[in-house]
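Structure record follows, encoded as structure tokens.
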Amino acid sequence: MVSECRLTNGIRVVSEQIASSNSVAFGVWIAVGSQNEHIGNNGIAHMIEHMVFKGTEKRTAVQIADEIAEVGGNVDAYTSKEVTSYYAWVLPENLSKTIDLLGDMLSHSQFLEEEFEKEKSIVMEEIDMYKDSPEDVAHEMLQKKVWDPHPLGFLISGERQTVETFTREEVLQFMKDYYTADRMILSVAGNFDREKVLAMLETAFGGFVSSSEKSPMTVSVVTPEFIFGSTPGSIQGSTSGLIPEFTPAIYIEEKDIEQTHINLAFDSICSTGKERYTFAVLNSILGGSVNSRMFMKIREEMGIAYAIYSYGSTYQAAGLFHIYAGVNPSQVENCIAAMGEQIRIFAKEGPTAAELIRAKEQIKTDLMIQYESTKGHMNGNAKELRLFGRVVSLSDTLALVNQVKAEDVIAAMEQYFHLEKVGAGLVGNLDWIAEDHCSKIKKIDWIQSLLNL
């Protein structure tokens with residue numbers, strides 16, 4: 001049974017006891033990510049995630065690494081555009097140690113100068129690693145392009161030249177501003193004693209205060225081309241408020257590799273959109289599975305791509321629907337034209353009865369398998385509490401998936417899939433571009449004309 005409560009400082013706690021489980025998962029979710037940054041400190045939330053593992057007032061970086069190993073090694077973290085999460089998946093007897101460790105890391109990290117400079121170098125290596133992945137570049141830079149200048153399009157890790165300028169004081173201040181009780185959710189799922197765990201959480205996380213209890217924060221001065229300042233909730237120079245505006249655009253980057261990586265993006269729903277279950281079904285049928293229309297046409301029938309798939313990127317303020325393919329340079333135009341053909345046919349005819357049944361079964365199977373683990377329960381409960389303010393039961397979610405009809409999918413296609421309103425990223429081998437073709441492909445109407453062939 002799922003239970004929700006608050007610590008004395010207001011931190012929300014969601015817990016789910018699963019007595020039959022042999023494990024317990026614990027996570028801390030903080031409402032801060034790259035969308036809370038401005039161009040001058042882009043990557044700072046990700047930097048904090050790295051630094052909390054590098055020593056506290058009572059633990060060195062080595063001791064933290066050793067303690068993580070002692071509880072099984074399944075303690076990790078990630079930064080996204082909207083949240084930073086620290087989580088662990090351990091045996092029940094190691095939960096107390098894990099809560100104490102994460103509480104100490106998030107409350108008492110020292111950010112020692114020597115560790116800070118070393119970690120900046122490591123983060124810059126991570127940035128280079130992602131830049132070596134054309135698939136990642138096509139996705140990340142396309143999002144940046146179509147949402148420019150909104151920070152929702154920022155790279156999560158930032159750019160090397162920005163990370164290099166970070167100071168210890170700047171990073172600590174950002175952490176102080178955003179790692180607050182009102183922005184936190186603690187999630188526990190598995191085999192544990194609820195009363196004992198709540199007492200542990202109170203001890204480990206009770207020292208955080210809400211942003212409203214802090215002294216008023218000063219607004220950072222930013223140049224006019226940037227929407228957000230560095231402080232929570234501040235908006236500067238914005239005419240569109242908190243919602244990023246989708247702009248059809250093309251991003252092109254040449255890399256000396258064998259393939260050209262194609263990523264198309266359409267304006268889509270946000271993560272709380274009422275059509276989210278419709279989009280799950282739509283995605284499965286159009287490109288999200290091995291029997292999807294894109295896969296069967298472009299890979300199986302035409303034989304021009306090994307990897308071809310679709311996926312959604314949804315956030316609280318906005319969302320995108322992506323279609324990706326990696327192809328031989330000679331097949332770029334054929335592939336984009338085939339993508340457009342499948343979109344047009346699907347928008348006109350909608351799904352068949354058999355496709356609807358298969359898509360729903362695939363989605364329900366994925367959901368149920370996800371919830372087979374305590375980690376799945378912990379993640380799912382925290383996400384739903386963050387987005388909807390309550391935890392929706394798995395049975396209710398499965399029922400909503402079952403309610404999706406063919407006409408719902410057609411309506412979503414008609415509303416969101418306009419081939420003249422598309423963003424495109426091309427990364428990789430561009431040898432196929434003739435000189436007189438160069439100026440043409442830099443314009444988004446070239447992609448639009450291919451999609452509408």
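The values are calculated or read from the model by the stated rules, or taken from the named source; none is laboratory data. All values derive from a computational prediction rather than experimental measurement. Please note: Cβ atoms are built from the backbone with ideal geometry, for glycine as well, and neighbour counts cover all protein chains shown. Note: accessible area is taken over every heavy atom of the protein model, side chains too, but ligands, DNA and RNA are not part of it. Shrake-Rupley method; radii C 1.70, N 1.55, O 1.52, S 1.80 Å.
With the contact rule set at Cα under 8 Å and sequence spacing of 6 or more, what percent relative contact order holds for region 8-157? Please report the intermediate quantities before stating the final value.
Working: 195 pairs, mean separation 48.4, N = 150.
Relative contact order for region 8-157 comes out at 32 percent.
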**Report entry** Candidate values (i) 44, 27, 20; (ii) 39, 28, 20; (iii) 33, 27, 21, label of the one derived for semi-axes √(5λ) of the Cα gyration tensor in Å
**Finding:** (ii)
**Report entry** Degrees between helix 168-178 axis and first principal axis of the chain (Cα, 0 to 90, nearest 10)
**Finding:** 90 degrees
Query raised in the report: Accessible area per residue, 1.4 Å probe, Å², for region 52-97: what's the number?
Result: 46 Å²
Query raised in the report: Do you know the relative contact order of region 300-366, to the nearest whole percent, from alpha carbon pairs under 8 angstrom that are 6+ apart?
Result: 22 percent
Report task. Once you have the Cα-Cα distance between GLU254 and ASP76, take 0.36 nm times their residue separation minus that, and quote the gain in nm to one decimal. Result -> 60.7 nm
Requested in this report: Please report how far the C-alpha centroid of region 330-386 lies from that of region 79-93, rounded to the nearest whole angstrom.
Outcome: 25 Å
Query raised in the report: Which Cα, out of HIS377, GLY340, LEU356, lies furthest along the positive dipole direction of region 244-391 (beta carbon charges, K/R +1, D/E -1)?
Result: HIS377
Report summary line: Rounded to whole Å², per residue accessible area for region 302-359 with a 1.4 Å probe reads 39 Å²
Report summary line: With every protein chain kept in place and a 1.4 Å probe, region 114-161 has an accessible area per residue in Å² of 45 Å²
Requested in this report: Run down the aspartates and glutamates and flag those whose C-alpha is under 14 Å from the C-alpha of LYS54, throwing out any fewer than 8 positions away in its chain.
Outcome: ASP66, GLU67, ASP76, ASP104, GLU113, GLU114, GLU115, GLU117, GLU119
Requested in this report: Post the alpha-carbon centroid distance, region 151-177 to region 106-134, in whole angstrom.
Outcome: 11 Å
Query raised in the report: Expressed as a rounded percentage, what relative contact order does the chain have, with Cα pairs under 8 Å and six or more residues apart?
Result: 21 percent
Requested in this report: Taking the Cα centre of the chain as origin, work out the dipole magnitude from +1 charges on Lys and Arg Cβ and -1 charges on Asp and Glu Cβ, in debye rounded to 20.
Outcome: 1260 debye
Query raised in the report: Protein chains only, probe 1.4 Å: how do ASP408, ASP76 rank by accessible area, largest first?
Result: ASP76, ASP408
Report task. Could you rank the peptides 150-158, 126-134 by their average count of other C-beta atoms within 10 Å per residue, with the highest value first? Result -> 150-158, 126-134
Query raised in the report: Could the peptides 306-313, 188-195 be put in order, highest first, of the mean number of other beta-carbon atoms found within 10 Å of their residues?
Result: 188-195, 306-313
Query raised in the report: If you take every DSSP beta bridge whose two residues both sit in the chain, what share of them, in percent to the nearest 5, is antiparallel?
Result: 80 percent
Query raised in the report: Once fully extended, how much extra length lies between GLU159 and LYS348, figured as 0.36 nm per residue of separation less the alpha-carbon to alpha-carbon distance?
Result: 63.8 nm
**Report entry** Share of carbon and sulfur in the accessible heavy-atom surface of the chain [1.4 Å probe, %]
**Finding:** 51 percent
Report summary line: XL table LYS120/LYS144; LYS120/LYS383; LYS144/LYS443; LYS145/LYS383; Cα-Cα > 20 Å flagged, in table order, is LYS120/LYS144; LYS120/LYS383; LYS145/LYS383
